[in-house]
Each structure stands twice: as C-alpha cells, then as structure tokens.
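Beneath this line is the structure, given in structure tokens, with notes to follow.
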Amino acid sequence: MALSIALRHANKFQGYSTLSKCLLPFYNNAASVTCASTHTSDFNKPLLRNGNISILPAVCFLTTPNTIFSNVNKSAVIAQNVRKMSGEDHRALWKIEKGISALLVGLLPACVAFPNPVLDNLTAILTVAHLHWGMEAIAQDYCRPILVGNAVSKVALLAVYVLTTTTLGGLLFFNYSDIGIGKFVRAVWALQG
Amino acid sequence: MSTICRLAGRKLPFIKVGLDRPNFLQLSRHVTLKPVSQPVRGADHDDHNMSMNRPMSPHISIYAFDIISKISISHRITGTMLGGYTILLGTGALVLPNKVSHYVDALQAMHPGAASILALKLVLAAPFAYHFCNGIRHLVWDTARFLTLSGVHKTAYIMLASTFVMLIALLFK
C-alpha cells in the first residue's frame, strides 16, 4: 500500500530526492531515514533538475530531529544548501553590493559637504553600481519570462544595462565638464523662494 | 458479493489469460480509474505550477498589507524615484546643450516662490531620507541583527522617526 502510494506520487517526491543530498554531510545513516524513506531515485542525480529550485529542504530541515544539528552551525547548513542549489556562488557579489551600500551611507553626505572631483567621481560610480543592481532586481522581479515572455524579459534586462551605462557616462561627463554632483546638489539647495 | 466478483471477472477476461484458476480476490479488487489530465511539465517550477492552476506561493493575497509590507515596498518605490533622478541628471548632462548652472539660474529667475522650492526639495529629499534610513536598517539586518518580528517593528519605527528628523533637517537647512 505504502509502496503503491509512493510510486503513484513519485513525481511529487522528486523534490525530496534532492533534499537529503544537500543535507547528506550532516546525516548519519539512521537519521537519513527521515527523509530518505520517500526516495524514488538514486543519490547521484543532479541536484538541480530543470532549474527547479525546491523549498523542500527547509521543510525537511524543520521536520528533522534537532539533535542531528545540535553540533552543526545551522546557518552554515542553510548557506551550504543555498550555495549548492543556486548553481552559482553569489556570496562575493552580495558582499560587494552590501559593501557599496554601506560606503554610500558615508559617501553621499561627504560628497555634498566637501565637493571635490574625487568624491564626485566615486559617488557617480558607486551610485550607478547601486542603481544597476536595484534596477536589475526590479527587472528580474517584474519582467520574469513567465509573465512577459522571454523576449521582453531580455529587452528589460538589456534596457537596464543601457540606462545604467548611459547614466554612468553622463555623470562622469557631468563631473568632468560641469560643476560636479556635490556642487550641483548645493546649487539646487541654494535656490531661493 | 459473489455476483460482483463474477461480473468483474467477466468484464476482465484478459486477466484470466494465462491463469488456470482466476484469483477472485485479485479480480474483485476495487480500482477506480479517473481521467487526470497530464500536467504540462514546463521548463521550470513556475511553468509547472501555472499549468497545474496552483495558486501563487506564498499566497501573498491572504496576508494583510500591514505597515511592514508598506515600508518594504516604499523602499523600492523611493529607490526607483532616486534612480529616476540619477538617470535624469546623467542623461541630461549628455543631451542638454547648456551647463547645469544655466538651468538653475533660469529656475531662480522665475522666482518660483517659497512653497514651490519647498515642494521641489520635498520631492528630492523625502525619497532620499527614506531610502537612506531604511537602507541602513537593511544593512543592520544584513549583519543578522533585529531579524525577529519585534526587531523588524522596532527598527521600522526608529527608521520612520529618523527619516522624519532627517527630512526636516534637509528641508529647512
């Protein structure tokens, strides 16, 4: 009975076949029964099937006895899962993105308080980098291929690159040929009613 | 019961083929066959779920659009506004024929009035103050602090207060 149900729902359990794989290093044989009982396929399948990222590991994670993870850093486990499942390693880029955001917190007030070409150009580059990642995220969120089609999705991403490249060129040109970002903000703020 | 078994046995003659004695238990086994449309297995998870007519996970519409959600989407909206200003400045520097002081002077020459200047500064400074303060809140989260429900609410109110103070300071500087 149980076997027939398992076979009938083999499709649904496909996700499960990946989970114990990502948690494999942390399972001993006895513990792996929790999840592996639903196994319908071998362990050597590629983790990423059709680019299908399953949230099931989180479920498995919750239903697993805590004792298994008592001596394991949970965030490290999660980090490892995500790293394995996303196919690409985004940790370095994430750190750069956050580092630039943190730099901008200090840089933007400094640029307006002490306008000079170095701060102006640094502001232009870092602001546009920040802008680029923001727009990229928006394009990827709202112009998903499933919603707007492959072509529009690609055009949206291309538009992000065109806009941010143009903006970076324009801002650097502005710093070079005009008063610069810092002085421009001061000029706007000096407007009298 | 025996009638049912016999009828079932008659309806399934192919099972009898190769069997000397029909297994009545097997013949009377209740099996319901229902036509189930084969789901279209698309390229990815979203395709699959849409073809199955499944609701969107995590069911955004069942949640109240509370202050935390509003603050979250406002971060993106204000970021988009600031991005728009940045793009305007960058592309404007490329396509406009005159230097920027020309346009600033022209605006000043119009004597727009205190209210208009305040409105202009509000439109520029409000998104900046908000995105700046909430951005710091996000950076604090990124260090794995205040990632609880109470932490999220507490930092939200601190952020809103900071935004207000910063905005007032910027407007009347």
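Every number in this text was worked out from the coordinates using simple rules, so none of it is lab data. What you see is a predicted model, and the numbers here were worked out from it, not measured in a lab. Cβ coordinates were reconstructed from backbone atoms using ideal geometry, including for glycine residues, and neighbour counts include every protein chain displayed.
Structure values in brief
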| quantity | calculated |
| --- | --- |
| Order of A:E97, A:E136 under a 10 Å beta carbon neighbour criterion, fewest first | A:E136, A:E97 |
| Relative contact order (%) - criterion: Cα under 8 Å, at least six apart; region: the stretch B:67-172 | 38 |
| Label-to-label distance, nm, for residues given as B:L160 and B:I60 (7 Å Cα→Cβ offset) | 2.2 |
| Segments B:146-154, A:109-117, A:123-131 sorted - mean Cβ within 10 Å per residue, highest first | A:123-131, A:109-117, B:146-154 |
| FRET efficiency, B:A169 to A:N150 (Cβ-Cβ, R0 41 Å, nearest 0.05) | 0.30 |
